[in-house]
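Undergrad: A single structure is presented below for examination.
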Amino acid sequence: MSEVTSSKIQSTRVGMDAAAIKQSILEHLVHTQSRFPDVASESDWYNALAHAVRDRMLERMMVTAKTYKANKSRTVCYLSAEFLPGPHLANNILALGIWQEVQEAVAQLGLDFESLLEEEVEPGLGNGGLGRLAACYMDSMATLKIPAIGYGIRYEFGIFRQEIEDGWQVEKTDKWLSYGNPWEIPRPRLRFNVHFGGHTEQFKDIDGILRVKWIPEWRVIGVAHDTPVMGYGVKNTNLLRLWSSEAAESFNFQAFNTGDYYGAVNEKVTSENLTKVLYPNDEPEAGKRLRLEQQYFFVSCSLQDMVRIYLQSGDPLDQFHHKYTAQLNDTHPAIAIPELMRLLVDRNQMDWDTAWHVTRNTFAYTNHTLLPEALEKWPLDLFKKVLPRHLEIIYEINSRFLDEARMKIHGLNGHLEKLSIIEEGARPQVRMAHLAVVGSYKVNGVAELHSELLRQNVLPDFHALWPDKITNVTNGVTPRRFMLLSNQPLAHLLRERIGCGWVTDLDSLHKLEALADDPDFQQQWQKVKRRNKERLARHALAATGQKIDPDSLFDVQVKRVHEYKRQHLNLLHIITLYNRLKDNPGLDIPPRTFVFGGKAAPGYFMAKLIIKAINSVAEVINRDPDMDGRLRVVFFPNFNVKTAHCIYPGADVSEQISLAGKEASGTGNMKFALNGALTVGTLDGANIEIREEVGKENFFLFGMTEAEVSALQQQGYHPQDYCQNDPELKSALDFLASGYFSHGDATLFRPLVDNLLNGDPYKVLVDYRSYVDCQARISEAYRDRQEWTRMSILNVARMGKFSSDRSIQEYTNNIWKIASVDVF
Ligand code: 9GP
């Protein structure tokens, strides 16, 4: 019977040829969308196509789950408060290997494939690099056949939609679920209680053992929503399981009957608020009670789910860590450590030592930041109100850990304070990074320099205690989305010349080296870049109304807007170029278009002022007839994965100009270089490794090293000296402050200029000269198109290291010790 059923499914729902796909689309149009072709909107067709594609994935997802279950496969649980997957449809079609077939089916239906793809609203469930990295890793784990579940939060509203009004960023609610989400499978019966507040009581169990009971004050319910994540060219289809919150009692009849209509739905509103919105903070800690509740909520659901799955195997819980390894993506899910202890000790009556052994061998922690303000800390009083039992568990973990440390660092009591999970002071706090380090079997940074700075500066006492614990896994990005999908002209050329092996073995891009000097290949390379620049220009026109010239050099900085990333350094260079061209109209420099994109945290005044400054400078430059054909500046609104698809391939120059020692890794730097842009960058984060790989002659380096930054900080930094000693810098700052770019308003950019002159925490003024001179070298280099193209080809050829497949392979071999599983 089941044979018959499955072969029937095979023929009607999962056929891979164009005819079967067309049939599926039509069936879904009728049976899922309830529309007939004559009246169907683009959105109906998109949904029908998405469901047709999804059918073909679900079958694989079930076979995968069955195989993993039968094999009792060790599984990675990737716990992350953010996932930024980007649009699913095109990526899934590629992974299934049915691009041509879908195109054909869609064409037969008289539809336009590109506009159907455009219909998709992407899930913006992350802020930037951290969430996007999680999505790249999900892609690579599936492709490398690693059993994995991504666990996170199904925010009802994702990262805000950025609009630019009068040059200012305006935040609009991201209602990504308004038109439904064909990619997720709701699991209303997969639900867990999550408790908060209240107090604890001690009691003796029937064996006379002293135990603790948590009497919580309120609870919400977490409901699972699954999104399949397919590996490229393999059957393995893993799972992204996101939790949304529901009220335990969504309607209070008692209240309703007494006329209290608001009271009747109060609990529903409060409970659902928990997963309402993603905190739009990239680096700084949000410091909000709701955020702590969100973190605990998703972590608790995820661990309860892991225990549920585990117990199905019949194995004893003290072997849990053999089945699972859980990766903590930053400190956001670090509360998982005391939660697993609670589940094991309080719920399953395991003794503390065994539970601690299991816990400490389950978790590994990735640190993604060096900024002290981004290392999460929670005030003890707040923590106690929200999670009283967890605080007790943390105290116990801390006390036992400090005993262990005391013995190891015999006599050095001062160190204990630095190691402690609890920070004493006027308002004591829980240090989540310390909790994560103590409760994990491995800790990793995300680029060589970052991991070294973690060992030396951020966690030196832990490093002294456990010299083997802190390791490095340099970030990577998926070549499927960021080359094959988003740069189809390049993928085409590569297929013709070196085949398609690079899609899953990025190192094979090395084959391009032999072609770097070939004039014919160079010409084709230039054509590819030109097409991508034309596409970018079309998008820029649609998004900003600005016309940009694909013949000019496209100099691009897209990323979150933050002072440490120094978009204002870029801006000072633009003003300098402008001044030079105004003073000397005959100056011969290649025409340039500066492209910016990125969101600022809504509460981050200086970052928002930087956006306003970019737009104000753009307005003046773009209006000035003297700059026509010479200089253009555009700010691309609402930078997200979708817009990224057309921005990276169109760039000639990639701006990676953070102050050395501040950017943990960066991943945009990788995406640009993979698409043939040349980097202008500091020795920061993964820039260092990119430069090592592509060769220093193919990378535009400027600025201080991290050691020089530290030395300058030690000796005392006086930004005004730099301003006084550099007339071009002084003039650029004066112009910005004078009101020239702000319709005569000399107060608007004063805070930005004052901040640079009186403190300049990210040393913009120190690196200015070196940056501007480096930019002049770029202009010179761009004149020689042949040499430029050669450098561009070599950049791509040598970027193999930065595939997320390599990163995942390193996690697999060095941290998780997990084997791949074939799914047939
Ligand atoms: O700032 C880092 C960025 O450098 C890195 O590439 C990314 C992924 O590892 O994480 C970012 N960190 C955060 O967003 C918050 O810690």
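The values are calculated or read from the model by the stated rules, or taken from the named source; none is laboratory data. Only a predicted model underlies this, so the values are computations on that prediction, with no experimental measurement involved. Ideal geometry is used to build each Cβ from the backbone, glycine not excepted, and the neighbour counts take in all protein chains shown. SASA here: full protein model, heavy atoms, side chains in, ligands and nucleic acids out. Shrake-Rupley method; radii C 1.70, N 1.55, O 1.52, S 1.80 Å.
Undergrad: Would a scan of region 170-186 turn up a residue that is crowded, with 18+ Cβ neighbours inside 10 Å and within 16 Å of the ligand (Cβ to nearest atom)?
TA: Scanning region 170-186 turns up no residue that is crowded, with 18+ Cβ neighbours inside 10 Å and within 16 Å of the ligand (Cβ to nearest atom).
Undergrad: With ALA90, ALA48, ALA81 as the choices, which residue is surrounded by 19 or more Cβ atoms within 10 Å (Cβ to Cβ), touching a Ser or Thr at 6+ places or on another chain (Cβ under 7 Å) and among the small types (Gly, Ala, Ser)?
TA: Every option except ALA48 fails the conditions.
Undergrad: Out of region 275-292, which residues are part of a helix (DSSP H, G or I) and buried (at least 20 other Cβ atoms within 10 Å of the Cβ)?
TA: Listed by number, the list holds a single entry, LEU292.
Undergrad: Looking only at region 672-686, which residues are open to solvent by less than 10 Å² (accessible area, probe 1.4 Å) and either free of Cβ contacts under 8 Å to residues at least 60 places away in the same chain or not in a helix (DSSP H, G or I) (or both)?
TA: Listed by number, the residues that qualify are ASN675, GLY676, ALA677, LEU678, THR679, VAL680, GLY681, THR682, ASP684, GLY685, ALA686.
Undergrad: Next question, about the same structure. Would you confirm, using the coordinates I've provided, whether LYS642 is charged (D, E, K, R), touching a Lys or Arg at 6+ places or on another chain (Cβ under 9 Å) and either part of a loop (DSSP other than H, G, I, E, B) or away from the ligand (no atom under 16 Å from the Cβ) (or both)?
TA: Considered against the rule, which asks whether it is charged (D, E, K, R), touching a Lys or Arg at 6+ places or on another chain (Cβ under 9 Å) and either part of a loop (DSSP other than H, G, I, E, B) or away from the ligand (no atom under 16 Å from the Cβ) (or both), LYS642 comes out as no.
Undergrad: Another question about this same structure. Which one of these is within 15 Å of the ligand (Cβ to nearest atom), modelled with pLDDT of 95 or more and among the β-branched types (Val, Ile, Thr): ILE149, ILE153, ILE159?
TA: Of the residues listed, the single one that is within 15 Å of the ligand (Cβ to nearest atom), modelled with pLDDT of 95 or more and among the β-branched types (Val, Ile, Thr) is ILE159.
Undergrad: Given the condition of a type in the set (D, E, K, R) and surrounded by fewer than 18 Cβ atoms within 10 Å (Cβ to Cβ), answer yes or no: does some residue in region 146-163 qualify?
TA: Scanning region 146-163 turns up at least one residue that is of a type in the set (D, E, K, R) and surrounded by fewer than 18 Cβ atoms within 10 Å (Cβ to Cβ).
Undergrad: Name the residue that is nearest to the ligand (Cβ to nearest atom), counting only residues in region 683-722 that are in contact with a strand residue (DSSP E or B) (Cβ under 9 Å, 6 or more places away or on another chain) and farther than 17 Å from LYS662 by Cα.
TA: Among residues in region 683-722 that are in contact with a strand residue (DSSP E or B) (Cβ under 9 Å, 6 or more places away or on another chain) and farther than 17 Å from LYS662 by Cα, the one nearest to the ligand (Cβ to nearest atom) is ARG691.
Undergrad: Then there is this: For the list (1) in the same structural domain as THR143 (by TED's automatic domain parsing); (2) open to solvent by 20 Å² or more (accessible area, probe 1.4 Å), I need the number of the one condition that GLU101 fails.
TA: (1)
Undergrad: Taking SER451 and the conditions (1) without any contact (Cβ under 8 Å) to a residue 60 or more places away in the chain; (2) under 27 Å from the mean Cα position of the chain (by Cα); (3) more than 16 Å from the ligand (Cβ to nearest atom); (4) farther than 19 Å from LYS527 by Cβ, which numbered condition does it fall short on, given that it satisfies the others?
TA: The number of the failed condition is (3).
Undergrad: Could I ask something else about it? Taking region 155-192 only, how many residues are within 22 Å of ASN281 (Cβ to Cβ) and among the aliphatic types (A, V, I, L, M)?
TA: Within region 155-192, residues that are within 22 Å of ASN281 (Cβ to Cβ) and among the aliphatic types (A, V, I, L, M) number 4.
Undergrad: Would you confirm, using the coordinates I've provided, whether ASN669 is polar (S, T, N, Q), open to solvent by 10 Å² or more (accessible area, probe 1.4 Å), within 22 Å of the chain's Cα centre (by Cα) and within 16 Å of the ligand (Cβ to nearest atom)?
TA: Answer is no for this residue.
Undergrad: Additional query: Name the residue that is farthest from the ligand (Cβ to nearest atom), counting only residues in region 110-129 that are open to solvent by 20 Å² or more (accessible area, probe 1.4 Å) and part of a loop (DSSP other than H, G, I, E, B).
TA: Once the filter is applied, the top-ranked residue is GLY110.
Undergrad: So which of THR64, THR5 is under 30 Å from VAL299 (Cα atoms) and either open to solvent by less than 20 Å² (accessible area, probe 1.4 Å) or at pLDDT below 95 (or both)?
TA: It is THR64.
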